[in-house]
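Structure first, commentary second.
Please treat every number below as a calculation from the coordinates, not as lab data. In this text the structure is predicted, and so the values were computed from the model without any measurement. So basically every Cβ, Gly included, is an ideal-geometry build from the backbone, and we count neighbours across all protein chains shown.
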Amino acid sequence: MPVAVTYGPDGDRGEPQVQIVVRPNQSLSWNGNKLFFWGITAVSALVVGPLTYMGFWPVLPFAGLELAVLGWALYHCARRGQWREVIVVDGDRVEVTAGRAEPARQWSAHRLWTQVVLEPPRFRGHPARLLLRSAGRSVELGAFLTDEERVQLAGLLREVLPTPRAAS
């Protein structure tokens with residue numbers, strides 16, 4: 001599961017700070033993507049070069065277009081792989097920060113009032129949704145995770161966050 005959990009020093013009440021970093025699965029690094037792209041470019045040049053030399057020049061723009069689309073797709077996937085969701089549970093606060101280099105979205109709530117909700121999918125074949133809810137507000141976590149990973153993250157969050165008890 002692409003989740004990293006770290007436990008920090010004890011807070012004011014003796015409870016450890018917990019930081020959970022959730023990120024998408026990224027099979028290749030940026031250097032791996034560049035190596036793959038240049039490898040495909042070399043193979044394409046080996047095929048297109050002789051064809052162009054023999055007079056079949058119309059294949060050249062199509063090969064260039066294919067390489068441009070492949071380059072865009074690799075860049076887009078690498079950029080999406082940089083997304084991070086950081087969940088910090090410290091004392092009586094829960095904070096969620098999401099973004100790439102800088103936070104694009106922030107959410108915070110009181111720890112005791114925060115619920116972990118795993119909503120079933122609305123339609124067959126769609127993924128379930130993992131939410132943190134508090135005071136009528138909610139934030140979705142791990143939209144890029146598989147259903148199994150989302151269930152594991154929900155279990156981890158339920159261990160860290162207390163279950164609200166009914167008043168007796």
MRE, 222 nm, helices only [DSSP H, n ≥ 4, -39500 (n - 2.57), over the chain, to nearest 500]: -12500 deg cm²/dmol
Likely footprinting exposure, I40, I87, I20, fewest C-beta neighbours within 10 Å first: I40, I20, I87
Net lengthening on full extension, E148/Q17 (0.36 nm per residue, minus Cα-Cα): 44.6 nm
Helix 59-80 vs. the chain, principal-axis angle (Cα, 0 to 90°, nearest 10): 10
Cβ-derived FRET efficiency at R0 22 Å, R158 paired with A135, nearest 0.05: 0.70
Hydrodynamic radius by Kirkwood, which averages 1/r over all alpha carbon pairs of the range 30-80, in angstrom: 11.6
Theoretical FRET efficiency, 1/(1+(r/R0)^6), r = Cβ-Cβ of W38 and V5, R0 35 Å, to 0.05: 0.45
Quotient of Cα Rg and 2.2 N^0.38 Å for the chain, N being how many residues it contains: 1.49
Rough spin-label spacing in nm, given labels placed 7 Å along Cα→Cβ, for L112 and N31: 5.1
Most fluctuating residue given options F62, F144, F36, as computed from a GNM of the chain linking Cα atoms under 10 Å: F62
